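Structure first, then comments.
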Amino acid sequence: MAKRLEGVGWNALFLENHDQPRSVSTWGGDDQMYRDQSAKCLATMYFLMKGTPFIYQGQEIGMMNVQYQSIDDYNDVAIKNMYHNEIAEGKSHKEIMQKIWKSGRDNSRTPMQWNHSVNAGFSTGNPWLKVNSNYEEINVAIQQNDPKSILNYYKKLIALRKHYDVLVYGKYQLELYNHHQVYAYTRHLNENGAFVIANLFNKKTVINVPSQVFDKSPQLVLSNESDVKELAAKITLKPYEALVYVW
């Protein structure tokens with residue numbers, strides 16, 4: 001789609017919306033070990049493509065799917081209808097709830113998690129859905145003061161787009177398209193360029209950097225890992241590692 005729109009349209013870039021489950025729960029590491037890294041990796045992958053990036057509420061702090069124990073806690077009519085139909089077919093409550101926890105639309109409709117107070121600071125009244133039980137660990141207040149948080153990583157991505165015109169107007173080119181773990185692409189604008197790498201799996205992998213990128217001696221401007229990784233002809237990527245180079 002990015003290539004097809006080149007010169008004729010402007011893309012809308014997004015990971016989440018009100019009808020889809022949370023991206024970190026679907027595509028990332030929905031556990032303590034990789035939640036932050038995978039959320040940052042997914043953000044890097046889509047945010048620097050050509051188009052206007054949209055951030056759905058809660059995505060910028062890595063909000064996750066919710067796991068209500070009772071069908072009565074859900075509001076989505078599609079979920080309720082599916083539940084009652086499958087109960088009538090003889091499926092168990094546990095089996096159906098596992099499906100809802102993974103793909104239900106209400107996963108992305110829980111109240112925004114602002115802080116650790118009642119209802120996650122969203123309201124002093126009764127919200128339309130219960131707050132996700134992890135709101136005391138995942139909320140804006142905590143992440144604002146953590147320079148390594150998902151929230152502050154999104155701020156870095158926004159700053160990059162504002163600073164480098166190539167990340168806004170540059171042509172998009174998919175790279176490493178035969179790699180089974182990595183999504184990578186370049187952006188090109190006049191003499192300037194960018195190389196974006198995202199390892200979308202929870203295991204290490206190795207990539208061969210395209211020669212046309214390596215020959216430019218690009219500079220690392222963003223990483224979701226703490227170590228500085230200078231560009232080499234071959235790079236070993238950690239699970240969910242993301243890197244951005246410019247020249």
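The values are calculated or read from the model by the stated rules, or taken from the named source; none is laboratory data. Note that the coordinates shown come from a computational prediction; the quantities given were computed from them, not determined experimentally. Please note: Cβ atoms are built from the backbone with ideal geometry, for glycine as well, and neighbour counts cover all protein chains shown.
Of the residues Val77, Val66, Val118, only one is under 18 Å from His18 (Cβ atoms) and without any contact (Cβ under 8 Å) to a residue 12 or more places away in the chain; which?
Testing whether each residue is under 18 Å from His18 (Cβ atoms) and without any contact (Cβ under 8 Å) to a residue 12 or more places away in the chain leaves just Val77.
Of the numbered conditions (1) crowded, with 21+ Cβ neighbours inside 10 Å; (2) out of contact with any helix residue (DSSP H, G or I) (no Cβ under 6 Å at 6 or more places or on another chain); (3) assigned to a helix (DSSP H, G or I), Met63 fails exactly one; give the number of that condition.
(3)
Consider Glu16 carefully, then state whether it is among the acidic types (Asp, Glu), in contact (Cβ under 8 Å) with a residue 24 or more places away in the chain, surrounded by fewer than 23 Cβ atoms within 10 Å (Cβ to Cβ) and touching a helix residue (DSSP H, G or I) at 6+ places or on another chain (Cβ under 7 Å).
yes
Please determine whether any residue of region 137-146 is closer than 19 Å to Ile55 by Cα, within 21 Å of the chain's Cα centre (by Cα), buried (at least 18 other Cβ atoms within 10 Å of the Cβ) and among the small types (Gly, Ala, Ser).
Checked region 137-146: no residue is closer than 19 Å to Ile55 by Cα, within 21 Å of the chain's Cα centre (by Cα), buried (at least 18 other Cβ atoms within 10 Å of the Cβ) and among the small types (Gly, Ala, Ser).
Residues in region 193-209: is at least one under 26 Å from Gly62 (Cα atoms), surrounded by 15 or more Cβ atoms within 10 Å (Cβ to Cβ) and of a type in the set (D, E, K, R)?
Looking through region 193-209, none of the residues is under 26 Å from Gly62 (Cα atoms), surrounded by 15 or more Cβ atoms within 10 Å (Cβ to Cβ) and of a type in the set (D, E, K, R).
Can you tell me which residue among Ile197, Ile150, Ile207, Ile158 is aliphatic (A, V, I, L, M) and more than 21 Å from Ala2 (Cβ to Cβ)?
So the residue among Ile197, Ile150, Ile207, Ile158 that is aliphatic (A, V, I, L, M) and more than 21 Å from Ala2 (Cβ to Cβ) is Ile150.
Could you please give the count of residues in region 43-61 that are touching a Phe, Trp or Tyr at 6+ places or on another chain (Cβ under 8 Å) and within 22 Å of Ala141 (Cα to Cα)?
5
Which of the residues belonging to region 217-234 are hydroxyl-bearing (Ser, Thr, Tyr) and either surrounded by fewer than 14 Cβ atoms within 10 Å (Cβ to Cβ) or at positive phi (or both)?
Once the filter is applied, which keeps residues that are hydroxyl-bearing (Ser, Thr, Tyr) and either surrounded by fewer than 14 Cβ atoms within 10 Å (Cβ to Cβ) or at positive phi (or both), region 217-234 yields Ser217, Ser226.
Mind listing whichever residues of region 7-21 are part of a loop (DSSP other than H, G, I, E, B) and either within 13 Å of the chain's Cα centre (by Cα) or within 16 Å of Tyr74 (Cβ to Cβ) (or both)?
Phe14, Leu15, Glu16, Asn17, His18, Asp19, Gln20, Pro21
When the residues of region 213-247 are narrowed to those that are small (Gly, Ala, Ser) and assigned to a loop (DSSP other than H, G, I, E, B), which ends up nearest to the chain's Cα centre (by Cα)?
Here the answer is Ser226.
Residue by residue, here is whether (1) assigned by TED's automatic domain parsing to the domain that holds Val209; (2) touching a helix residue (DSSP H, G or I) at 6+ places or on another chain (Cβ under 6 Å); (3) free of Cβ contacts under 8 Å to residues at least 24 places away in the same chain; (4) among the basic types (Lys, Arg) holds:
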{"position": "Trp128", "(1), (2), (3), (4)": "no, no, no, no"}
{"position": "Asn132", "(1), (2), (3), (4)": "no, no, no, no"}
{"position": "Glu137", "(1), (2), (3), (4)": "no, no, yes, no"}
{"position": "Gln144", "(1), (2), (3), (4)": "no, no, yes, no"}
{"position": "Pro147", "(1), (2), (3), (4)": "no, no, yes, no"}
{"position": "Leu151", "(1), (2), (3), (4)": "no, yes, no, no"}
{"position": "His163", "(1), (2), (3), (4)": "no, no, yes, no"}
{"position": "Leu174", "(1), (2), (3), (4)": "yes, no, no, no"}
